[in-house]
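Structure record follows, encoded as structure tokens.
The values are calculated or read from the model by the stated rules, or taken from the named source; none is laboratory data. Note that this is a predicted model, so its numbers are computed, not measured. Cβ coordinates were reconstructed from backbone atoms using ideal geometry, including for glycine residues, and neighbour counts include every protein chain displayed. Just so you know, the surface numbers come from the protein's heavy atoms only, side chains and all, with ligands and any DNA or RNA stripped out. Shrake-Rupley method; radii C 1.70, N 1.55, O 1.52, S 1.80 Å.
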Amino acid sequence: MQKLLIHNIGLLATPVGRSARGGAAQGEILKREGAWLTTDENGRIAEIGQGPCPVTAPGEYRTVDAEGRLVTPGLVDAHTHLIFGGWRQNEFGLKLHGATYLEILAAGGGILSTVKATREASEEELKNKAKAALGEMMSYGVTTCEAKSGYGLDRDTELRQLRVIRDLDRECPIDLVPTYLGAHAVPAEYKENREEYIRLLTEEWIPEIAREGLAEFCDVFCEQGVFTAEESRLILEAGKKHGLLPKIHADEIEAIGGTELTADLKAVSAEHLIVCQGSGIEAMARGGTVACLLPMTSFYLGSVYAPARKMIDAGVPVAVASDFNPGSCPGLNLQLAMTIACLKYRLTPEEMLTAVTLNAAAAIRRADRIGSLEPGKQADLIIWNSRDLDYLPYRLGSNLASAVFKNGTPLTSERNLPTIS
Ligand code: NIG
Ligand code: FE
């Protein structure tokens, strides 16, 4: 692989470290003006320096002039429901007329209607649809993406979703991290017999998925009318027993004790946390859990916003992700999530940068190799159409990623973007 030299970097901004940063450290960003960066032949960062850049032999490096712009690590989207059939625009009108998310779900719509569409979709169809979404994500600067199953809710369709994730990881430049979310809802056929559904999940499907190496994480939608805290504990413990690390959707709509499980389970991340209480924040602090917040979902559901500042005050590392899915957040623009995170969670641009890079990497156990610009880490990075960090969340809704690199190789070509001065 040809080595890369990026020179004339106006500002290189990155969190530092190989694990999540909580508390005051979340806002500590290393900033280097007038910097350059090189990679090795394996697509890892070799050196970062300031001032005159190294003299290189002709052809040894692909040389890129950053023209005085901002460079940061590539964005990590730590929470997506990437693989699904159909869309749910029919729910949009229902929402506008006052139907709530849980009412639509209880009436057999919501997740359950996507389950129907996903079961009917072929592997090829699911793959092509997700591939298009990944292309869009990469254009926004996402270089690693977590992807959940959870729209099959039976053995075969869940396996199909996970195989699509595995194949896309192999075929696309972006790295995909697979999570098994068989406990996303109780399917209609087990509505009267949820114990049997949980038995199948914990005794048959989790062991099989773990054996096949199709998932790294196990997740549960712990919510009123979906899975209780006790059921969530059972499912996540079964996952752990088979080597799948625990994540949990908790406190999205009602607080029913999901986040409080994180301390005992040593959950890697807890997600949503919109109505998270003090007891949940304490549990995350004790569990070493990353709080993965999804601001576009609050926006889309018209709900309140997670108490991010309280989490930061308690030393809990905060990550921000898209939650891309066909129901509560049919959007994948992580740059928009960055803006909402600053405005609604009151994150500083520095805290926000850590939230979408290093802490997001920690939420998917990748902080040792991605999430910051340091020698030895993967050269996943963005040259922004910006000269400073504040400009990123300030520019609502525009795509400011000028050039995106994965393992030192360009994903997108440099585009003609508006002037930045
Ligand atoms: O994270 N809350 C559960 N899962 C998704 C929504 C899934 C859907 O509505 O299809 C979420 O918001
Ligand atoms: Fe989700």
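Meeting the requirement of 1 or more residues that are closer than 30 Å to residue 124 by Cα, the strands (runs of 3 or more DSSP E) wholly within the stretch 41-99 are 75-77.
Going by the conditions given, is residue 78 open to solvent by 10 Å² or more (accessible area, probe 1.4 Å) and small (Gly, Ala, Ser)?
On the way: open to solvent by 10 Å² or more (accessible area, probe 1.4 Å): no; small (Gly, Ala, Ser): yes.
So residue 78 fails the test.
Counting only residues that are within 16 Å of ligand 1 (Cβ to nearest atom) and either under 14 Å from residue 247 (Cβ atoms) or out of contact with any Leu (no Cβ under 6 Å at 6 or more places or on another chain) (or both), the stretch 202-228 holds 11 of them. Of 85, 68, all but one fail to be away from ligand 2 (no atom under 16 Å from the Cβ) and out of contact with any Gly (no Cβ under 9 Å at 6 or more places or on another chain); the exception is 85.
Could you grab me the full set of residues in the stretch 262-278 that are open to solvent by less than 50 Å² (accessible area, probe 1.4 Å), over 17 Å from residue 305 (Cα atoms) and not hydroxyl-bearing (Ser, Thr, Tyr)?
So in the stretch 262-278, the residues open to solvent by less than 50 Å² (accessible area, probe 1.4 Å) come out as 262-263, 265, 267-276, 278.
Next, only the ones that are over 17 Å from residue 305 (Cα atoms) stay: 262-263, 265, 267-269.
Within the stretch 262-278, 263, 265, 267, 268 meet the criteria.
In the stretch 233-261, what residues are surrounded by fewer than 24 Cβ atoms within 10 Å (Cβ to Cβ) and within 21 Å of residue 322 (Cβ to Cβ)? The answer is 245, 253. Checked against (1) modelled with pLDDT of 95 or more; (2) open to solvent by less than 20 Å² (accessible area, probe 1.4 Å), residue 110 meets all criteria but (1).
Which one is nearest to the chain's Cα centre (by Cα), of the residues in the stretch 13-35 that are in a loop (DSSP other than H, G, I, E, B) and over 25 Å from residue 69 (Cα atoms)?
Taking the stretch 13-35 first, the residues in a loop (DSSP other than H, G, I, E, B) are 15-22, 28-29.
Next, from what is left, pick out any that are over 25 Å from residue 69 (Cα atoms): 18-22.
Values: 18: 17, 19: 16, 20: 14, 21: 16, 22: 18 Å.
Only one residue tops the list, namely 20.
The single residue among 307, 317 that is buried (at least 24 other Cβ atoms within 10 Å of the Cβ), of a type outside the set (A, V, I, L, M) and either assigned by TED's automatic domain parsing to the domain that holds residue 105 or farther than 27 Å from residue 221 by Cα (or both) turns out to be 317.
Determine, yes or no, whether residue 392 is outside the structural domain of residue 129 (by TED's automatic domain parsing) and either at pLDDT below 95 or touching a helix residue (DSSP H, G or I) at 6+ places or on another chain (Cβ under 8 Å) (or both). In short, yes. Comparison of 44, 69 shows that the only residue that is open to solvent by less than 70 Å² (accessible area, probe 1.4 Å), modelled with pLDDT of 95 or more, farther than 30 Å from residue 286 by Cβ and of a type in the set (Lys, Arg) is 69.
For the stretch 244-260, filtering for residues that are away from ligand 2 (no atom under 15 Å from the Cβ) and within 21 Å of residue 106 (Cβ to Cβ) leaves 4.
Selection of the stretch 284-325 for residues being within 13 Å of ligand 2 (Cβ to nearest atom) and charged (D, E, K, R) yields only 323.
Mind checking which residues of the stretch 100-111 are within 9 Å of ligand 1 (Cβ to nearest atom) and not in a loop (DSSP other than H, G, I, E, B)?
The initial filter retains those residues of the stretch 100-111 that are within 9 Å of ligand 1 (Cβ to nearest atom), namely 101, 104-105, 110-111.
Correct list: 101, 104, 105, 111.
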